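One structure below.
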Amino acid sequence: MKMNYQEALKAMKKAYTPYSHFNVGCALELKDGTIIHGANVENASYGLSNCAERSALFSLISQGYDPKDIVSVTIIANDSQPVSPCGACRQVMHELVPKDAKIYLTNLKEEVKETSVEELLPYGFVLK
Ligand code: THU
């Protein structure tokens, strides 16, 4: 399994970031090879901004795909280190991204950290 660097970069180019100018892209890969893109979308009311990871996951659900089919997640930003997902996105990934899916955090220097939902959010909230 490799990260989907070019697809994440494509997603990053779709970001709407007039306030932070910090563009983030997320590429979800499904088991049949389908790629779902997500970018961060900001708002003048700053707290309403949506991160790339959640944009991608909400798009996947909205388009009728099954999150159980996700095999990898690649997240990219122009950061000094492989981009670290925020707490809210970790919780959403914990619920929707399968435990065995590969999560690749990267940046424009192509530095990569491979991780997983359990590593990003141990003891995450679940409603039973
Ligand atoms: N952001 C993401 O899209 N994903 C992350 O993992 C971290 C932060 C966005 C939110 C906001 O639009 C910008 O980056 C700066 O915080």
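Looking across region 40-68, the residues that are assigned to a helix (DSSP H, G or I) and more than 23 Å from Val112 (Cα to Cα) come down to Tyr46, Gly47, Leu48, Phe58, Ser59, Leu60, Ile61, Ser62, Pro67, Lys68. Taking the criterion of being surrounded by fewer than 19 Cβ atoms within 10 Å (Cβ to Cβ) and more than 10 Å from the ligand (Cβ to nearest atom), the residues of region 76-91 that qualify are Asn78, Ser80, Gln81, Gln91. Counting the residues of region 12-47 that are closer than 27 Å to Pro98 by Cα and out of contact with any Cys (no Cβ under 6 Å at 6 or more places or on another chain) gives 21.
State yes or no: is His37 under 20 Å from Leu108 (Cα atoms) and in a loop (DSSP other than H, G, I, E, B)? Answer is no for this residue. For region 35-61, give me each residue that is farther than 18 Å from Lys14 by Cα and polar (S, T, N, Q). Matches in region 35-61: Ser45 only. Residues of region 15-66 that are of a type in the set (Val, Ile, Thr), surrounded by 15 or more Cβ atoms within 10 Å (Cβ to Cβ) and more than 9 Å from the ligand (Cβ to nearest atom): Ile35, Ile36.
Readers should treat all values here as calculations from the given coordinates under stated rules, not as data from a laboratory. Being a predicted model, the structure only gives us computed values, none of them experimental. Here the Cβ is made from the backbone with ideal geometry for all residues, glycine too, and neighbour counts use every protein chain on show.
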